[in-house]
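A.B. asks: Can you read through this structure? Questions will come right after.
The values are calculated or read from the model by the stated rules, or taken from the named source; none is laboratory data. Predicted model only: the values in this text are computed from it and were never measured. Note: ideal-geometry Cβ built from the backbone for every residue, glycine included; neighbour counts use all protein chains shown.
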Amino acid sequence: MNPRRFLLVALVAAVLIPMAFTGKAAEGTKDAAPKRVFVVNTGEGSVSLVDLDKMKEIERYKVGPRPYGIAVSNDGKTVAVGVEDEECVKFYSLPDFKLKGKTPIGKMFNDHIVLTNDGKDIVVANFYSDDIVGINIETMKESFRIKDLSAPHVVRYGPLGKYVYVTCKKATGVAVVDLTERKLVKFYPLTVNPRSLTFTPDESKIFCGSHWVNGFFEADLKTGKVSRMIELAPPKDNAQPQEVTYHGVQAVHGNIVLAANEGRSFLDAVDVKSGKLLGRLMDVSKPCCIEPIPGAKGDTVRVMLSNLGDNTLQFVDVGREGQLKSVSKVNVGKAPKRVAFMP
């Protein structure tokens, strides 16, 4: 080959091949299942890093008293942790987990944290100020505030990914918020105090746990009303009335909702179309939070449970018919709660 022509071909290849590879890699990474997850240990002031393939804790970091909300930046270089007894959000660099800075919030109470769709900010649902507080990840300074939400608690994106839904605890109900436009879209008052939140795939209905009831509630967002309680009979030897019953709820496989009974220590799989109990897993220990592992395909979805009773992060496989199978438990810190995946 002519030396000049060979040089030209080599130069073109040097430019185009990495571009093509980078594009494919980026697409693959977006859809790939995560390899690691952080879990906050509220009872001992730490955060555990868990390897999802090996299903074991690989690191544990001290962050301060009573951590709760947590989120990881899209580039995987920063993790934000709400340290509630210090009334702030702390930002740590990754992978070394060194403190970068902190943002004061004021008095906090189980404030959930979520990353915005554009990845620029975290959002804190601040119970005591009645606000959603946006904090820029780069500057670690407040970037916006959405007011008048009446003791917001849970904040999470719906399946369609456009709006976040926020549970409100004083004027009880669910608020719909557009974080792009930074405004409250609608507030749905409810006759129950929502303790958790999940959705139908089209976001037309929500499901939430509450206190003192053996079941969880369905609310129709078209009418803005609680449409039914899906009642689930407890075991006969553990049926006495109690305040703490169902806590976390999570939709899987379209029509199945998982419901974690924290007080009675079991996990239910329910067909929300028929209201039928499909499966009940007793090998859990005061489960509170349920989180599906992204990237699942096929007939089985793997979820994680935060077990308050034995301080574990538990992996459970859920079949399309509601079959529940415990896969493994990972020992973490005391009172594990919220989780955040490494991208």
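A.B. asks: Can you tell me how many residues within region 194-225 are surrounded by fewer than 19 Cβ atoms within 10 Å (Cβ to Cβ) and not charged (D, E, K, R)?
C.D. replies: So the answer is 8.
A.B. asks: Whether any residue in region 151-164 is at pLDDT 95 or above, in a loop (DSSP other than H, G, I, E, B) and farther than 19 Å from Ala251 by Cβ is what I want to check.
C.D. replies: The answer is yes; a qualifying residue exists.
A.B. asks: Given the condition of a type in the set (A, V, I, L, M, F, W, C), closer than 19 Å to Leu179 by Cβ and under 18 Å from the mean Cα position of the chain (by Cα), answer yes or no: does some residue in region 85-106 qualify?
C.D. replies: yes
A.B. asks: As an exercise: evaluate Ala219 against (1) under 25 Å from Arg302 (Cα atoms); (2) touching a residue at least 40 places away in the same chain (Cβ under 8 Å) and give the number of the one condition it does not meet.
C.D. replies: Here Ala219 clears every test but (1).
A.B. asks: Let me ask something else about it. Go over the candidates Leu258, Leu313, Leu278 one by one and state the one that is at pLDDT 95 or above, surrounded by fewer than 23 Cβ atoms within 10 Å (Cβ to Cβ) and either out of contact with any His (no Cβ under 7 Å at 6 or more places or on another chain) or under 18 Å from Val47 (Cα atoms) (or both). So that I can check it myself, show each step before the final result.
C.D. replies: Details: Leu258 fails: surrounded by fewer than 23 Cβ atoms within 10 Å (Cβ to Cβ); Leu313 fails: surrounded by fewer than 23 Cβ atoms within 10 Å (Cβ to Cβ).
Being at pLDDT 95 or above, surrounded by fewer than 23 Cβ atoms within 10 Å (Cβ to Cβ) and either out of contact with any His (no Cβ under 7 Å at 6 or more places or on another chain) or under 18 Å from Val47 (Cα atoms) (or both) holds for just one of Leu258, Leu313, Leu278, which is Leu278.
A.B. asks: All but one of (1) under 22 Å from Asn311 (Cα atoms); (2) more than 15 Å from the chain's Cα centre (by Cα); (3) outside any loop (DSSP other than H, G, I, E, B) hold for Gly64; which doesn't?
C.D. replies: (3)
A.B. asks: Would you mind finding the one in Gly224, Gly215 that is in contact with a Pro (Cβ under 9 Å, 6 or more places away or on another chain) and more than 22 Å from Val133 (Cβ to Cβ)?
C.D. replies: Within the list Gly224, Gly215, the selection yields Gly224.
A.B. asks: Residues in region 319-343 that are farther than 14 Å from Asn41 by Cβ and either part of a loop (DSSP other than H, G, I, E, B) or touching a His at 6+ places or on another chain (Cβ under 7 Å) (or both): how many?
C.D. replies: Of region 319-343, the ones farther than 14 Å from Asn41 by Cβ are 319-329, 341-343.
From what is left, the residues that are either part of a loop (DSSP other than H, G, I, E, B) or touching a His at 6+ places or on another chain (Cβ under 7 Å) (or both) are 320-323, 342-343.
So the count comes out to 6.
A.B. asks: Can you give me the number of residues within region 221-277 that are hydroxyl-bearing (Ser, Thr, Tyr) and within 21 Å of Tyr188 (Cβ to Cβ)? Give the derivation first.
C.D. replies: Here is the first cut: in region 221-277, the residues hydroxyl-bearing (Ser, Thr, Tyr) are 223, 227, 245-246, 265, 274.
If we keep only those that are within 21 Å of Tyr188 (Cβ to Cβ) too, we end up with 223, 227, 246.
So the answer is 3.
A.B. asks: OK, next. Give the residue, chosen from Val284, Val244, Val270, that is assigned to a loop (DSSP other than H, G, I, E, B), in contact with a strand residue (DSSP E or B) (Cβ under 6 Å, 6 or more places away or on another chain) and β-branched (Val, Ile, Thr). Give the derivation first.
C.D. replies: On the way: Val244 fails: in contact with a strand residue (DSSP E or B) (Cβ under 6 Å, 6 or more places away or on another chain); Val270 fails: assigned to a loop (DSSP other than H, G, I, E, B).
None of the others qualify; the one that does is Val284.
A.B. asks: I would also like to ask the following. Among (1) in contact (Cβ under 8 Å) with a residue 40 or more places away in the chain; (2) within 18 Å of Met229 (Cα to Cα); (3) of a type in the set (S, T, N, Q), which single condition is Thr180 missing?
C.D. replies: Answer for Thr180: the failing condition is (2).
Condition check ((1) surrounded by 20 or more Cβ atoms within 10 Å (Cβ to Cβ); (2) in contact (Cβ under 8 Å) with a residue 40 or more places away in the chain; (3) not in a strand (DSSP E or B); (4) not aliphatic (A, V, I, L, M)) across all residues:
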| site | (1), (2), (3), (4) |
| --- | --- |
| Asp96 | no, no, yes, yes |
| Lys102 | no, no, no, yes |
| Met108 | yes, yes, yes, no |
| Val124 | yes, yes, no, no |
| Ile135 | yes, yes, no, no |
| Met140 | no, yes, yes, no |
| Arg145 | no, no, no, yes |
